[in-house]
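**Student:** The following block contains the structure, expressed as structure tokens.
The values are calculated or read from the model by the stated rules, or taken from the named source; none is laboratory data. Just so it is clear, the structure is predicted and the values come from calculations on it, not from any experiment. Because the Cβ atoms are built from the backbone with ideal geometry, glycine has one as well, and the counts that use them run over all protein chains shown. Ligands, DNA and RNA are stripped out before the accessible areas are found, and what is left, the full protein with its side chains, is counted by its heavy atoms. Shrake-Rupley method; radii C 1.70, N 1.55, O 1.52, S 1.80 Å.
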Amino acid sequence: MPITDKQKKLLALLANGEFHSGEELAETLGLSRSAIWKQLNGLTELGLHYTGISGRGYRLNKRLELLDHAKITAALDDSSRAHIFLLEVHDQLDSTNSYLSQKSQQGDASGIVCFAEHQTAGKGRRGRDWVSPFGSNIYLSILWRFPESGLGEIAGLSLAIGVAVIRALNQLEIEGIELKWPNDLYSQGKKLGGILIEVSGEASGPCSAVIGLGLNVHLPATEAEKITQPWTDLGRLPGSKKICRNTLAATLLNHLIPVIADFETAGIAAYLDEWRTLDSLKGKPACLYIGNQTIEGIVQGIDDKGLLLLQHADGLTQAYASGEVSFHNATL
């Protein structure tokens, strides 16, 4: 169900996390008390939960900061602003990646940035769902065209994107985040976010990429019950401060856009050393899953092409271009 105009107006009133009487809400929105109650119940379908107390009214269980196009664009630096063709903020999409993939197929310009408050069919790796409650996290996709590069030449882009995300978090004094090959963000062994890059084009070029980022900011525990692996969010990190989602959105773009814009020239080589300092897997026993095949070994980092290096029991180290990695004795 798409979010309705009445729900949007109701959310704007309740976003401050304070109690609002049913009478006040009904009068402001021009609805009956029973209609207000119905609209409130509809919010739970978006992953938003509220409390109602007789004599006090209703409030959201967690204060909500809605993404604001004007605030995000005002916080962009000149370099990012120059490379962004269009920035959109949507209340709800099936998936930001799917939305921009359609635009890519239609021939839309490079440099389109898309945020959504809620995804009804958020996409993780290998066809998994990405839990996407309303107004809780960052769901971001960027459409970019690489006129001089083929599919193989941008193969390491997800590693560079991971570096850019951590640079942005460090600028906001969020530290201790690591990268798990090829495209996950982790904190203390728990998943914080993920990167999904979907490419199309020719082997020798040109090609296009839809670069997706899902980052947990304030993930409600009730929604996280659907997640089958250890998880965390920025609000749960040690020493975490109040996080402004609009500032976070702009800071991410200020680091992501230059990395993407320069990647055709710089390539993966410019980010290898930094990525290696953030590697959460190096030196650890792990399983690599490729289709129905399971390969065990000790992770030895990445090679200069960004491929995973896995040392087998016989001492031989082999490089792998794809696959799903799990730590031993843990489902990550």
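**Student:** Can you send over the solvent-accessible area of Tyr289, 1.4 Å probe, protein chains only, in Å² to the nearest 10?
**Tutor:** Surface accessible to solvent at Tyr289 totals approximately 90 Å².
**Student:** What residues qualify as long-range amide H neighbours of Tyr50, i.e. H under 5 Å apart, gap of 5 or more or another chain, H built at 1.01 Å from N?
**Tutor:** Asn61
**Student:** With the full set of protein chains in place, find how many percent of the accessible area of the chain is carbon and sulfur; take the probe as 1.4 Å.
**Tutor:** Of the solvent-accessible surface of the chain, carbon and sulfur hold 48 percent.
**Student:** Another one. At 4 °C and a viscosity of 1.567 mPa s, what translational diffusion coefficient does Stokes-Einstein give for the chain, taking Rh as the Kirkwood radius over Cα pairs? Give it in µm²/s as a whole number.
**Tutor:** Using the Kirkwood radius from Cα pairs, D works out to 61 µm²/s.
**Student:** Among DSSP beta bridges lying fully in the stretch 1-158, give the percent that are antiparallel, nearest 5.
**Tutor:** 60 percent
**Student:** Which links in Lys9/Lys190; Lys191/Lys305; Lys180/Lys305; Lys62/Lys190; Lys103/Lys241; Lys8/Lys62 stretch past 27 Å when you go from one Cα to the other?
**Tutor:** Lys9/Lys190; Lys103/Lys241
**Student:** On average, how much accessible surface per residue is there in the stretch 113-203, in Å², for a 1.4 Å probe, leaving out ligands, DNA and RNA?
**Tutor:** Here the per-residue accessible area is 35 Å².
**Student:** If you roll a 1.4 Å probe over the heavy atoms of the protein chains, what accessible area per residue do you get for the stretch 236-332, in Å²?
**Tutor:** That works out to 50 Å² for each residue.
**Student:** Phe19: net charge of surrounding residues, Cβ under 11 Å, Lys/Arg +1, Asp/Glu -1, itself excluded?
**Tutor:** So the surrounding residues net to 0.
**Student:** In addition: Out of every Cα pair in the stretch 213-332, what percent are spaced more than 21 Å from each other?
**Tutor:** The answer is 57 percent, as a whole percent.
**Student:** Moving on to the next point. Once the Cβ-Cβ distance between Thr120 and Thr317 is put in as r, and R0 is 56 Å, what FRET efficiency do you end up with, to the nearest 0.05?
**Tutor:** 0.85
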